[in-house]
Amino acid sequence: MSFAYEHLDPELADRLIARAGLDQIRAKVDAGERLAFDDGLRLYQCPDLAAVGLLAHRVRTRRHGRKAYFNVNQHVNYTNICIYSCKFCAFAAKEGEERAYLMTPRIVEEKVREHLHEPVDEVHMVAGIHPTMPYEYYLDVVRAAKRARPDIHVKAFTMVEIDHMLKVSGKSEDEVFADLRAAGLGSCPGGGAEVLTDRVHKAVFREKIGPQQWLDTARKVQRHGFQMNATMLYGHIERDAERVEHLVKLRDLQDECGGFMAYIPLAFWPYHTDLEHYGHVTTGWTDLRNIAVGRLMLDNFPTVKAYWIMLTPASAQVALAFGANDIDGTVTEEKITHDAGTDAPMRLTQDELIHLIREAGFVPVRRNTTYDRETVVDSALAQA
Ligand code: V47
C-alpha cells in the first residue's frame, strides 16, 4: 500500500509548490517557522489546491507519519430546546414545538447502557441551552453517563454551555469546575466557536456568546486543567480573512494555555436553517482547503480532525492526505448535522473507519479521547 505523494520526487514537489507561488511559505514550513496572517490568506486564495495540500501533508507527516486516528464513541444530544436562535442551526427548537425534546438524566443513562456490548471509550454530549434546567441538571447528565459506564470518558459541554453554567450556578468558577470534575467530566468538545469575528457573530449568532467570551471561557476551562477541542464553522457568510483571524486567535490561545487537543473545521449544512437561501453545501474543494490551511496555520495544535459526519466519509478520507490526521469516531446517533440535511450516515462501524483509513494508504490507530492511549490496528502496515 503506498502512502500519499510517496512516489513524488521531493524536488518536483518543491517545484510544483513554487509554481503555485508558495515558495516563501514552503521555506517557512520546511524551517518550522510560524506562518503569518498574510500567509494564511494566501493559502486560502491560492488556486492550486494540490500545492496547498502537499504542504499540509508535509507538516502532517512530520508530526504523525502514516498514522490516522479514530475512536469508538457515542454522541448524546440531550436536548434540542435552546434559548438561542442562531441562523446556521436547524437543530434548536423552542419549548412546546412538536420536535422539541429533553432527555432526563435517566434517559442519558439508558442511551449509554444501550451500547454496553460495544467497546465505546467516549461519550460526546452537546445540546441546546435549555431555558429552565438548573445547574444540577448538567452535573446529573455527566453522572448518569458515568453511572452507566464508569470507565467511559465524558467529553461534554461547549464553551456556550460552560459559560451558561458559570452564570446560573451561583457558584465561583473554582467551584463549578470542581463540581464538573467530581461529576466525571473528562474534557470539552470544540463547538460553539463558529467564526471568531465580530462581524460573523453579529450577523449569524448574535444572541449567543461572541468571540471574546468563547476565548475567555476556553481559557478558564484550560486553566482549570481540562483539555478541549476547537472548531470553526465554515461555508456560510465568512470571508477568507475571517477564517484566518479565527485560526490566529486559536493559535494565540494555544500558545498561552496549551490545552487544545484538536482543531476541527466543521462544514456548514444549510438545510432547514435561516441561511438555507445561501443554497450551497460545501464542496470537497472548500473542505480540503479548510483542513489544509488549518494544518499549516495551527503549528501548535497536535491534531487536525476531519469529522466525517459533516465532511461526509468521502471528503474526510481524502482530507487525510490534505493535513488531517484524525477522522473522529463511530458516533452512532447524531442530530445537529442530520437536522440540517447531511446525507452522511449516523454511524460508521470500526471496520468502516479502518477501511477508509487503510484504503487511503494510512495506518489506522484507535485512540482514546485525549490521545494518550493508542492501538495500531494493523502493525504489519505500520512497518511497511
Ligand atoms: O457548535 C450547528 C455546529 C457544532 C450546524 O470536539 C453546525 O471532538 C454544520 O462541536 N451545519 C457541534 N455544523 C458539533 C461539534 C463537534 C463535532 C464533532 C466533534 C467535536 C469535538 C465537536 O456543530 C456546533 C456548531 O458549531 N453546527 N449547526 C450546521 N447547520
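Values quoted throughout were computed directly from the atomic coordinates according to the rules given, and no laboratory measurement underlies them. A quick note: this is a predicted structure, and the numbers were derived from the prediction, not measured. Positions of Cβ are generated from backbone atoms using ideal geometry, with glycine treated the same way; all protein chains shown enter the neighbour counts.
If R0 is taken as 35 Å, the Cβ-Cβ distance between residue 5 and residue 352 corresponds to a FRET efficiency of 0.90. Among 44, 273, 81, flag the residue with its Cα farthest along the positive direction of the charge dipole of the chain, charges on Cβ as +1 for Lys/Arg and -1 for Asp/Glu. Of 44, 273, 81, it is 44.
Residues 82, 188, 46, 257, arranged from fewest to most other Cβ atoms within 10 angstrom of their Cβ, appear as 257, 46, 82, 188.
Within region 316-367, the GluC sites (Glu not before Pro) that combine a DSSP coil assignment with at most 15 other C-beta atoms in a 10 angstrom radius are 333. Listed by chain and number, the lysines whose C-alpha is less than 26 Å from the C-alpha of residue 167, apart from same-chain residues fewer than 8 away, are 87, 94, 146, 155, 202, 208, 220, 249. Ranking of 83, 291, 17 by neighbouring Cβ atoms within 10 Å, starting from the fewest: 83, 17, 291.
Quick one: work out the % antiparallel among DSSP beta bridges in the chain, nearest 5.
Antiparallel bridges make up about 10 percent of those DSSP assigns within the chain.
Treating each Cα of the chain as an identical point scatterer and ignoring solvent, apply the Debye formula and state log10 I(q)/I(0) at q = 0.12, 0.14, 0.15 Å⁻¹. Each listed q maps to, in turn, -0.90, -1.25, -1.44. Listed peptides 144-155, 85-96 appear in the order 144-155, 85-96 once ranked by packing, highest mean of other Cβ atoms within 10 Å at the front. Here the scattering of region 226-351 is modelled by Debye summation over its C-alpha atoms, one equal scatterer each and no solvent; at q = 0.17, 0.20 Å⁻¹ the log10 of I(q)/I(0) is -0.88, -1.17. The phi torsions of region 173-180, fed into the Karplus equation with coefficients 6.51, -1.76 and 1.60 and a -60° offset, translate into couplings of 4, 4, 5, 4, 5, 5, 4, 4 Hz, rounded to whole numbers, with Gly and Pro shown as x. Build a GNM of the chain with springs between Cα atoms under 10 Å apart, and of 24, 254, 317 the one that fluctuates most is 24. In order along region 25-38, the Karplus-derived 3J(HN,Hα) couplings, from 6.51 cos²θ - 1.76 cosθ + 1.60 at θ = phi - 60°, round to 5, 4, 4, 5, 4, 5, 8, x, 8, 5, 7, 8, 3, 5 Hz, and Gly and Pro are given as x. Between amide H atoms placed 1.01 Å from N, distances below 5 Å from residue 335 occur with no residue 5 or more places distant or on a separate chain. Computed extension length for residue 34-residue 136: 32.4 nm, one decimal, from 0.36 nm per residue of separation with the Cα-Cα distance subtracted.
In terms of surrounding Cβ atoms within a 10 Å radius of their Cβ, 312, 369, 283 rank from fewest to most as 283, 312, 369. Using alpha carbons only, the radius of gyration of region 2-63 set against its Kirkwood radius gives Rg/Rh = 0.94.
What full-extension length gain, to one decimal in nm, is calculated for residue 314 and residue 12 as 0.36 nm per residue of separation minus the Cα-Cα distance?
Details: separation 302, 0.36 × 302 = 108.72 nm, distance 2.78 nm.
Full-extension gain reported as 105.9 nm.
Isolated cysteines of the chain, defined as having no other cysteine beta carbon under 4.7 Å away, are 46, 82, 188, 257.
The Cβ shell under 12 Å around residue 271 holds other residues with a net charge of -4, Lys and Arg each +1, Asp and Glu each -1.
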